[in-house]
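Please read the structure below before turning to the comments.
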Amino acid sequence: MYDYIIIGGGIVGLSVGMALLNEKPKAKVAVLEKEKHVAAHQTGHNSGVIHSGIYYKPGSYKAKLAKKGNETMRRFCQQHEIDVEICGKVIVASDEEELSLLNRLYNRGIENGLEIRLIEKGELLELEPHVNGVQAIYVPTAGIVNYKKVAEKMAEIIQEKGGHILLNHMVESITETANEVVIDTNQGTIKGAFYINCAGLHSDRIAKLANIQTDVRIVPFRGEYYQLKPEKRHLVKNLIYPVPNPNFPFLGVHFTRMIDGTVDVGPNAVLSFKREGYLKTDFSLHDMRDVLYFKGFWKLASQYMKEGIEEMVRSFSKRQFVKSVQKLMPDIQETDLLPGPSGVRAQALKEDGTLVDDFYIVHGNCSIHILNAPSPAATASIEIGKEIIRRLEKLRVVV
């Protein structure tokens, strides 16, 4: 019998487990992970950026927890000797038409309490000599890290504190009563007093197993990257982002220098035909039915039809992808890009077709469900763990 059971061994679930054992050292804690290792999906396919919190609505969980998480993640990595670099990034207006959007984003960053600067073309070129831009926001607190290594360290800490990491445990059913939780897995039954759903791409299904009524469905979006070939990595010094397209809910193609020295270029954002579909050929009938039978998806698709088609074209046409890249980095040619990794974003979508724009957390009788935790959840993960502790205290959960 466990005091707390955490479903999901990604960075959010592990952060919650670590926070619980920091706050309640005598608690019996188990993390259930259906794969054979932790950080198998969103965490292990992450771009590795430590975000600042500039993009998010002031006052939102994303804005507050990303800003705090930026600092706590850096300290955690330094404390545990995980390679981390606060290298800064630039968000670039490529032409005069984008200046109003850049200024709007700058004002949002200031409202979120960030120490950022508007820089002119001369200073921009000192930072990133090969970029095409007329003005930019310089974000000095952005950084890079390998989140899989962070998650593995968190799992190690949980075990050192007496917690259990139960791998290859797929949840099959959940019975939640007023004071007990019974979770049936492919490895047997596990009982506890309370559980936290941190299942990422499957978080809505875990909630449904427990008869938690929600108005959201997880829709998987695959982000496909290229990598700059080694002799062209010098074109990118650190992190280069475009001004986000206000008509599309993703950040656009950007350049990410990874902690291992490679440079990722991307992503696009296309509907994945499988919740864990990292290849174009990956397909799950069950996952596609979940999307296609959900009226919210069709409302979303009609709203972003033009942008969605453009993303699909870039997915299948390297030439079109390169054209979008050259707006920000004119020196890059088609031959400079090599096939890179892909990730799948677990994005919660409401029935009315709106994308859930913030971390979304709901409560059950003996449970808390994190139903939307895409980027910047990795950056904010330690702070999300602390937020769960605060919610347990408000709920007066005593175990």
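On the stretch given as segment 1-51, residues that are over 16 Å from Ser381 (Cβ atoms) and part of a loop (DSSP other than H, G, I, E, B) total 10. Taking first residues from segment 324-347 that are under 12 Å from Gly266 (Cα atoms) and partners that are part of a helix (DSSP H, G or I), the Cβ contacts under 8 Å between residues at least 6 apart in sequence or on separate chains come to Ser324/Arg314; Leu337/Lys318; Leu337/Phe321; Leu337/Val322; Leu337/Val325.
Could you please find all residues in segment 304-354 being of a type in the set (Lys, Arg) and closer than 29 Å to Lys148 by Cα? Spell out the reasoning first.
In the first step, residues of segment 304-354 are kept if they are of a type in the set (Lys, Arg); the result is 306, 314, 318-319, 323, 327, 345, 350.
Selection gives Arg314, Lys318, Arg345.
The condition (being closer than 30 Å to Glu231 by Cα and either surrounded by fewer than 19 Cβ atoms within 10 Å (Cβ to Cβ) or in contact with a strand residue (DSSP E or B) (Cβ under 6 Å, 6 or more places away or on another chain) (or both)) is satisfied by just one residue among Ser302, Ser272, Ser284, Ser315: Ser315.
Residue-wise test of (1) touching a strand residue (DSSP E or B) at 6+ places or on another chain (Cβ under 7 Å); (2) at pLDDT below 95; (3) not assigned by TED's automatic domain parsing to the domain that holds Pro341.
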site	(1), (2), (3)
Ile190	yes, no, yes
Arg233	yes, no, no
Asn238	yes, no, no
Asn245	no, yes, no
His254	yes, yes, no
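Table: residues versus (1) within 29 Å of Asn179 (Cβ to Cβ); (2) surrounded by 16 or more Cβ atoms within 10 Å (Cβ to Cβ); (3) assigned by TED's automatic domain parsing to the domain that holds Asn211.
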position	(1), (2), (3)
Val362	yes, yes, yes
Asn365	yes, no, yes
His369	yes, yes, yes
Ala373	yes, yes, yes
Pro376	no, yes, yes
Ala380	no, yes, yes
Gly385	yes, yes, yes
Ile388	yes, yes, yes
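Scanning segment 87-121 for residues that are closer than 28 Å to Met258 by Cβ and over 27 Å from the mean Cα position of the chain (by Cα) returns Ile119, Lys121.
In the set Tyr2, Tyr56, only one residue is aromatic (Phe, Trp, Tyr) and touching a helix residue (DSSP H, G or I) at 6+ places or on another chain (Cβ under 9 Å); that residue is Tyr56. Where residues in segment 100-136 are assigned to a helix (DSSP H, G or I), out of contact with any Gly (no Cβ under 6 Å at 6 or more places or on another chain) and of a type in the set (A, V, I, L, M), which of them is surrounded by the most Cβ atoms within 10 Å (Cβ to Cβ)? Across segment 100-136, the extreme among qualifying residues is Leu102.
Per-residue answers, yes or no, for (1) without any contact (Cβ under 8 Å) to a residue 60 or more places away in the chain; (2) more than 20 Å from His51 (Cα to Cα):
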{"position": "Glu351", "(1), (2)": "no, yes"}
{"position": "Ser375", "(1), (2)": "no, no"}
{"position": "Glu383", "(1), (2)": "no, no"}
{"position": "Arg391", "(1), (2)": "yes, yes"}
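Against the condition within 14 Å of Ala199 (Cα to Cα) and in contact with a Leu (Cβ under 9 Å, 6 or more places away or on another chain), how does Gly8 come out, does it pass? Before you say what the answer is, go through the steps one by one.
On the way: within 14 Å of Ala199 (Cα to Cα): yes; in contact with a Leu (Cβ under 9 Å, 6 or more places away or on another chain): yes.
For Gly8, the condition - within 14 Å of Ala199 (Cα to Cα) and in contact with a Leu (Cβ under 9 Å, 6 or more places away or on another chain) - is met.
Farther than 25 Å from Asn46 by Cβ, exposed (fewer than 15 other Cβ atoms within 10 Å of the Cβ), among the acidic types (Asp, Glu) and without any contact (Cβ under 8 Å) to a residue 60 or more places away in the chain: is that true of Glu97 in this structure? Judged against the criteria, Glu97 is a match. Taken together, the residues in segment 304-323 that are polar (S, T, N, Q) and either touching a Lys or Arg at 6+ places or on another chain (Cβ under 8 Å) or in contact (Cβ under 8 Å) with a residue 12 or more places away in the chain (or both) amount to 2. Has segment 151-170 got at least one residue that is more than 30 Å from Ile206 (Cα to Cα) and either part of a strand (DSSP E or B) or in contact with a Gly (Cβ under 7 Å, 6 or more places away or on another chain) (or both)? Within segment 151-170, not a single residue is more than 30 Å from Ile206 (Cα to Cα) and either part of a strand (DSSP E or B) or in contact with a Gly (Cβ under 7 Å, 6 or more places away or on another chain) (or both). Look at Lys64 and say whether it is under 19 Å from the mean Cα position of the chain (by Cα), in a loop (DSSP other than H, G, I, E, B) and not hydroxyl-bearing (Ser, Thr, Tyr). Spelling it out, it is not the case that Lys64 is under 19 Å from the mean Cα position of the chain (by Cα), in a loop (DSSP other than H, G, I, E, B) and not hydroxyl-bearing (Ser, Thr, Tyr).
Picking from residues in segment 176-213 that are β-branched (Val, Ile, Thr) and in contact (Cβ under 8 Å) with a residue 24 or more places away in the chain, the one that is surrounded by the fewest Cβ atoms within 10 Å (Cβ to Cβ) is Thr177.
Of all the numbered requirements in (1) under 19 Å from Leu338 (Cβ atoms); (2) outside any loop (DSSP other than H, G, I, E, B); (3) among the small types (Gly, Ala, Ser), Gly261 misses one, and that requirement is (2).
The values are calculated or read from the model by the stated rules, or taken from the named source; none is laboratory data. Computed from a predicted structure; not experimentally measured. Because the Cβ atoms are built from the backbone with ideal geometry, glycine has one as well, and the counts that use them run over all protein chains shown.
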